[in-house]
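Visitor: Can you keep this structure in mind? I'll have questions shortly.
The values are calculated or read from the model by the stated rules, or taken from the named source; none is laboratory data. Computed from a predicted structure; not experimentally measured. Backbone-built Cβ (ideal geometry, glycine too); neighbour counts: all protein chains shown.
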Amino acid sequence: MAEKSSSPAEFAVFDRDLDAAWTERYLQSPRLAVDTEAMGLIHGRDRLCLVQIADAEDRVACVRIGLGQTEAPNLKRLLEAPTVEKVFHFARFDVAALAAGLGIEVNPVFCTKVGSRLGRTYTPRHGLKDLVMELVGVELDKGAQSSDWGRVDELTDAQLAYAANDVRYLLPARERLEKMLRREGRWDLAQRCFQCVPVVAELDRLRFHQIFEH
């Protein structure tokens, strides 16, 4: 039976940027789980509202992005740090959102959705909920997914819990995907795909679609 998600070991909410202490703490991690919430799916029209980060110690931070905000120096330093792998689910969206909203060029990247499609070829179900259920054994509540993230100063407990849970299980899922990809001889291919994510994200921001099609 799947477990219900519990509360994080540590949880903090910041306005506009991470503070120095959490930034330094996260910079000591070899990898971090990252997610974003926005007003919609179109970069440049739909603004970035929230950035969520979790480490392997289950310490979760949510950063509320202000209306009209274009910079977050600590987030930029962390998410561009070459020594820290950033793990996303459907990374191309989040990488594009962070570039469009805050001028952050995220790298290096691991995408659990790409990893799932390369490794879990026995299923068409590559959404985060299905992935976490199978690989981690936790049932995610996605009820707050389509909600108003723009009211960053008034986010509900349900929204913050949803945001936290979207990153808390990415790191264990990533570890299981790596084992699967190595076993199936696709780890090197996956890494090359992850290296392409920033380019694909930039193409998305510039509204170039299907440029490799005939």
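Visitor: Limited to the stretch 116-154, what total is found for residues that are at pLDDT below 95 and of a type in the set (Ser, Thr, Tyr)?
Guide: Of the residues in that region, 2 qualify.
Visitor: Can you tell me which residue is surrounded by the fewest Cβ atoms within 10 Å (Cβ to Cβ) among those in the stretch 161-193 that are assigned to a loop (DSSP other than H, G, I, E, B) and either of a type in the set (Val, Ile, Thr) or in contact with a Leu (Cβ under 9 Å, 6 or more places away or on another chain) (or both)? Reasoning before the result, please.
Guide: Filtering the stretch 161-193 down to residues assigned to a loop (DSSP other than H, G, I, E, B) leaves 169, 184-186.
This time we only want the ones that are either of a type in the set (Val, Ile, Thr) or in contact with a Leu (Cβ under 9 Å, 6 or more places away or on another chain) (or both), so: 169, 184, 186.
Numbers: Tyr169: 24, Glu184: 14, Arg186: 16.
Among residues in the stretch 161-193 that are assigned to a loop (DSSP other than H, G, I, E, B) and either of a type in the set (Val, Ile, Thr) or in contact with a Leu (Cβ under 9 Å, 6 or more places away or on another chain) (or both), the one surrounded by the fewest Cβ atoms within 10 Å (Cβ to Cβ) is Glu184.
Let's see how each residue does on (1) of a type in the set (A, V, I, L, M); (2) in contact with a Pro (Cβ under 6 Å, 6 or more places away or on another chain); (3) under 16 Å from Asp19 (Cβ atoms):
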| residue | (1), (2), (3) |
| --- | --- |
| Arg45 | no, no, no |
| Asp55 | no, no, yes |
| Val60 | yes, yes, yes |
| Arg64 | no, no, yes |
| Ala81 | yes, no, no |
| Cys111 | no, no, no |
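Visitor: Moving to a separate point now. What number goes with the only condition from (1) part of a strand (DSSP E or B); (2) free of Cβ contacts under 8 Å to residues at least 40 places away in the same chain that Lys129 does not pass?
Guide: The number of the failed condition is (1).
Visitor: Now for a separate question. Within the stretch 28-54, take every residue that is among the basic types (Lys, Arg) and touching a residue at least 12 places away in the same chain (Cβ under 8 Å) and give me the one that is nearest to Phe88 (Cα to Cα).
Guide: Out of the qualifying residues, it is Arg31.
Visitor: Got at least one residue in the stretch 138-160 being buried (at least 16 other Cβ atoms within 10 Å of the Cβ), of a type outside the set (A, V, I, L, M), in contact (Cβ under 8 Å) with a residue 60 or more places away in the chain and under 13 Å from Lys113 (Cα atoms)?
Guide: no
Quick grid of which residues meet (1) touching a strand residue (DSSP E or B) at 6+ places or on another chain (Cβ under 9 Å); (2) part of a strand (DSSP E or B):
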residue	(1), (2)
Val13	yes, yes
Leu18	yes, no
Ala21	no, no
Arg25	yes, no
Ala33	yes, yes
Glu37	yes, yes
Leu41	no, no
Gly44	no, no
Glu57	yes, no
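Visitor: Would you check which residues across the stretch 61-100 are of a type in the set (Gly, Ala, Ser) and either in contact with a helix residue (DSSP H, G or I) (Cβ under 9 Å, 6 or more places away or on another chain) or crowded, with 19+ Cβ neighbours inside 10 Å (or both) and list them?
Guide: Listed by number, the residues that qualify are Ala61, Gly66, Ala72, Ala81, Ala91, Ala96, Ala97, Ala99, Ala100.
Visitor: Related question: Taking only pairs six or more apart or across chains, which ones have beta-carbon atoms under 8 Å, a first residue in the stretch 192-214 that is modelled with pLDDT of 95 or more, and a second residue that is loosely packed, with under 13 Cβ neighbours inside 10 Å and assigned to a loop (DSSP other than H, G, I, E, B)?
Guide: Leu203/His209; Leu203/Ile211; Arg205/Gly44
Visitor: Report, by residue number, each residue of the stretch 162-191 that is in contact (Cβ under 8 Å) with a residue 24 or more places away in the chain, farther than 15 Å from His89 by Cα and hydrophobic (A, V, I, L, M, F, W, C).
Guide: The initial filter retains those residues of the stretch 162-191 that are in contact (Cβ under 8 Å) with a residue 24 or more places away in the chain, namely 163-174, 176-178, 180-181, 184, 186, 189-190.
From what's left, farther than 15 Å from His89 by Cα: 180-181, 184, 186, 189.
Once the filter is applied, which keeps residues that are in contact (Cβ under 8 Å) with a residue 24 or more places away in the chain, farther than 15 Å from His89 by Cα and hydrophobic (A, V, I, L, M, F, W, C), the stretch 162-191 yields Met180, Leu181, Leu189.
Visitor: I want to confirm something. Restricting to the stretch 21-46 and keeping residues that are among the charged types (D, E, K, R) and touching a helix residue (DSSP H, G or I) at 6+ places or on another chain (Cβ under 8 Å), which single residue is nearest to Asn107 (Cα to Cα)?
Guide: Selected residue: Arg31.
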